[in-house]
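See below for the structure under consideration.
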Amino acid sequence: MAKQNSDSRRSFIKNSLGALAAFTIVPRHVLGRGYLAPSDQLTKAVIGTGGMGRNHFGYAGTRVVALCDVDSKHLQEGLALLGDKGKGVKTFSDYREVINLPEVDIVHVATPPHWHGIIAADAARAGKDIWCEKPMTATIGEGKRLVEAVQQHGRIFRLNTWFRFEDNFYGMGTTVKPIKKLVDSGLLGWPLKVTIGKHTGFDWKFYWVGKTNLEQMPVPKELNYDMWLGPAPYKPYNPHRVHGTFRGYWDYDGGGLGDMGQHYIDPVQYILGKDDTSPVSVEIDAPQQHFDAVGTWRRITYTYADGCQIILDGEGVDDKAAYIEGPKGKLYPGFRSDIPDLEKKLAAFPDPAPQQIDFVDAVKRRRKFALNEENGHRSATLVNMGKIALKLNRSLKFDPVKQEFIDDAGANALIYQPMRGPWTI
């Protein structure tokens, strides 16, 4: 009898431990929306497995369960990169199948920008949280629709440019935190002018330009070119349009401005306290752009209602420019300033408010991430305002509340660009 009881106890303990071990890997969807398995590990799908997508497989606290790409070669290369962790990972060529997988918590959108808005909005409607590459959207209108989708469906959204909260901010030689503290202190005065160009530590990457004489070429068998184009107008295939060089074409991105604009400008928006607004004008100095291929530009100037300005110096003409200039002082790269004893004076002021910068924690606790759909849309709007001004080759006035251009039907027609069927946002 004693032996039977002992065996029963051992059997109970063994079965209980087995059940517990199994329970710790139960995905969140089994437990119900908003609840995590005891393992606290989030599952994710990566959509777009080119160079950008592959760089984001291994974030702590997450586990890849699905990959998606319209290029089967990229898809297989991504799967191979996962190694042993790729066992059991599902692969797809159509993102719509991925976002409906019940075992996926997070969708990471790493496609070219002309797909960002559609995929992210569809993922929100499917109940997924979203990690999206920059620029957040290719148009102002897509950004507005994406904000609505994320908020309507209660999702957590992260835009993947991180300089407003960590890492050295290019030529400034520091994180953004002390720069934000300096601006908030008032030591520089107000309004402020920020100059972003090679002499303040920022390269506009003008090698991202398109070609105007592309020959039609056969589509590689591994690429679903029609799906790669998606909502963009149909153009005959040429390898320069896709993958690493797509940034040189207006249909998919916006050259160096599209590539680096949100990295460079988003922290400035945060520094200036403009997360809930937009400039009232954008002025350009640039040659006439080609209708298809992105070219270069000399200068783009954004002005806010209070007189603050952000100047994008494309050709590096401002060789003596301060990064930030105010009526009381200047801040140069390397955190140099013409204000005596700046660091000592700054010590008397409070640090900026803490930010929610752990995306996994934000998802678990259902807390808004530091760079989210709202402020991300505003900094993407800066990029997209510049793109529209460049395309039209004229300066524009903007209403930051209505988020539309003033007395300019041509500019407003580019807020929502037509999408090739069946795609909508």
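Readers should treat all values here as calculations from the given coordinates under stated rules, not as data from a laboratory. Since the model is a prediction, treat every value here as computed from it, not as a measurement. Cβ atoms come from the backbone with ideal geometry, glycine included; neighbour counts cover every protein chain shown.
Amide H contacts of Thr62: Leu42, each under 5 Å away and 5 or more positions distant or on a separate chain (H built 1.01 Å from N in the peptide plane; Pro and chain starts excluded). In the chain, helices alone account for a calculated mean residue ellipticity at 222 nm of -9500 deg cm²/dmol, with every DSSP H run of four or more residues adding -39,500 (n - 2.57). Straight-distance candidates among the aspartates and glutamates for linking to Lys235, with alpha-carbon spacing under 19 Å and chain neighbours fewer than 8 residues away dropped: Asp71, Glu215, Glu222, Asp226, Asp251, Asp253, Asp292. Under a 5 Å amide H cut-off, with hydrogens placed 1.01 Å from N, Glu404 pairs with Asp399 among residues at least 5 apart or on other chains.
List the lysines whose Cα lies under 23 Å from the Cα of Lys320, skipping any in the same chain that are fewer than 8 positions away. Within reach: Lys180, Lys193, Lys198, Lys205, Lys328, Lys330. In terms of the mean number of neighbouring beta-carbon atoms within 10 Å, the peptides 54-64, 277-287 order highest first as 277-287, 54-64.
Can you tell me the 0 to 90 degree angle between the C-alpha axis of helix 140-152 and the longest principal axis of the chain, rounded to 10? Result, in degrees: 40. Oblate is the label for segment 227-372, because the ratio a/c of its alpha-carbon gyration tensor axes (a ≥ b ≥ c) is 1.5 or higher and a/b is not greater than b/c. Applying 1/(1 + (r/R0)^6) with r as the Cβ-Cβ distance of Lys221 and Ser185 and R0 = 56 angstrom yields a FRET efficiency of 0.40. Which net charge results for the neighbourhood of Ile99, defined as the other residues with beta-carbon distances under 9 angstrom from its beta-carbon, given Lys and Arg at +1 and Asp and Glu at -1? The answer is +1. Pairs of Lys residues in segment 38-159, spaced 8 or more positions apart or belonging to different chains, with C-alpha separations under 30 angstrom: 20 in total. The alpha carbon centroids of segment 243-303 and segment 48-112 are separated by 29 Å. Values (i) 25.6; (ii) 18.9; (iii) 20.9 are given for comparison; mean projected area of the Cα convex hull in nm², derived from the coordinates here, is the one labelled (i).
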